[in-house]
Amino acid sequence: MTAFLRPLFGRRARLRWLHLVLGGALAVPYVLAGEVVIGPVTGWADVLGSLPLQLAAFATGLPVAAVTALFPPVRPLEAGAVRWLCGVEPGLLAYGPARTRGEKGRTAAWFTLHLGIGAIVAGLSLAVPPFAVVLMALPFSAGLRHSRFGMPEVWGEGWVLALAPVAGAALLVALAGCAAGSGALLARWAPALLGPSARDRLAAAEARAADLAVRNRLARELHDSVGHALSAVMLQAGAARRVLDTDPGFVREALAAIEDTTRRTVGELDAVLGVLRDGDPTGTAPAPTLAADLDGLLRRTRAAGPRITATVTADVATLPPPVSREAYRIVQEGLSNALRHGGDQRAVALRIDAAGDHLEITLANALAAAGPAADRPGGGHGLRGIADRARLLGGTFEAGAVQGRWRLRVRLPLAVPGANRRTTAEGSV
C-alpha cells in the first residue's frame, strides 16, 4: 500500500502539486484579461456564469501569458521553482535570462504549459475535494441526501447509495493521480524547455576550465613553495641538531637560513591565500624568478647541508618573466626532490644553459635505493607539477635514473606564441 500511495501523496508528489497550483494562481490574471476580451465580443455580461465562455477566456489568456514569458526574469524564476519543487537536477536547468530566439521560444512554451496545466489542476483541486467529501458523507446524513447536494435522482435510496463513499475516495485518488502525472510530465519536459543551450553549456565549460586552471596553479604554487620550505627547514634543523655541540658557527648559519626560509614562505603563503580569498591576484606579492631569487634559493638550500654545484651559462636576467617564474619553481622543486630522495650522498649538480631558443635545466643527484617519491606515501606530485609547468610553456620534461644517478631535465622555449599571454592570464602569486 505504501508503494502505491507514495507516488501519489509522497513529498515529491506534493511539491509538484504545489508547483502546479502556483501555475494556476499565475494564470488567474491572464484568464481575467481573457474575460475582458470575451465579454464584449460575445455580448455576455456574466462570463463566469458560462463554462464555455470561461474556457474561451482561458484559451484567450494563454497567448498573452506566452508573450509575457519573453521578459528576462521569467526563465530564472521558473528554473528556480522547478529546481526546488519539481526535483530537477540543477545542472539540467539554465538560470540566466533567455537571450536567443530559440531560448525565448522554449521559455514561452514552458510558461504556457505551466500556467495551462496548472490552471486545470488547480481548478480540479478546488472543485473535486468538496464534492468527494459530500459523496463520502451521503450514507451517513439524511439531511444531506435530501438536499440539492445529495442528488437523489442519481443515488436514490437503495444499494447505489452505498457506492457513494467509494466514488468519493476514487475521485480523490484520481485527482492525486492527475496531479502526480502532470507534475511528472512537467519535470520531464523542464530540461528540454528550461535547460541550458549549447552556448550556455560552452560558457559553463569555459568557466569550469578557468576555475580548474587557477586551482591547479595555486596547488602547484603551494606544493612547490611551502613543500620546499618545509623540507629545507626540516633538513636544516636536523643538521644543526647533529652538530649543536661541535660546530656553533654552522648552527647559527642554519638558524639564520631557517628564519629566512620561513619569512619568505610566509610571504608567499599570504599571497596565495590572498588569491583564494579575493579571487584576484592583483596586488599580491610577486612570484620569485630565476633572475632575482636563484642565489637566495641556493644559499638557503646549502644551509641544510647538501653540496650543490651550480653552473649557470644562460643569461637569466633576460629571460621572459613567465619563463623565469616557472624555471625558478622547477629548480626549487628539483632541489626539494634531491634533498628528500638523494640518499646518503647529498650532492646535487645543477646546470642552467641556453641551448638555442630553449632554456635547459638539468639537476642530478645520487639515486636512493627506493627511488624518488618512494620515501613518502603519496609522493610524486612534485614531478607532475614540474611536468605541468613545462607543458604549460610548450617545453619538455624528463626524469629518471641515468648511470646510477637521478637526473631531471627540463627544456623551456624562450619564445612560444601565446604561452606568455596564457601564463600571465592565470596570475602570479
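The values are calculated or read from the model by the stated rules, or taken from the named source; none is laboratory data. Computed from a prediction, not measured in an experiment: that's the story for all the values here. Neighbour counts are summed over all protein chains in view; Cβ atoms, including those assigned to glycine, are modelled from backbone coordinates with ideal geometry. Note: areas computed on protein heavy atoms with side chains; ligands, DNA, RNA excluded. Shrake-Rupley method; radii C 1.70, N 1.55, O 1.52, S 1.80 Å.
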Förster-model FRET efficiency, 51 Å R0, Thr2 and Val67, C-beta, rounded to 0.05 = 0.70
Spacing of the two label points (7 Å from each Cα toward its C-beta) at Leu51 and Ala192, in nm | 3.1 nm
Rounded to the nearest 0.05, what FRET efficiency do Arg351 and Asp260 have when you use their Cβ-Cβ distance and R0 = 25 Å?
-> 0.50
The extension gain from Ala25 to Ala401, computed as 0.36 nm times the residue separation minus the Cα-Cα distance, is 127.9 nm
With r as the distance between the Cβ atoms of Phe140 and Leu185 and R0 = 35 Å, compute the FRET efficiency 1/(1 + (r/R0)^6) and round to 0.05.
-> 0.40
In terms of solvent-accessible area of protein heavy atoms at a 1.4 angstrom probe, what is the ranking of Phe397, Phe4, Phe9, highest value first?
-> Phe4, Phe9, Phe397
Solvent exposure, largest accessible area first (probe 1.4 Å, DNA, RNA and ligands not counted), of His358, His19 = His358, His19
Extension gain (nm, one decimal) between Ala167 and Ala59, 0.36 nm per residue minus Cα-Cα | 35.8 nm
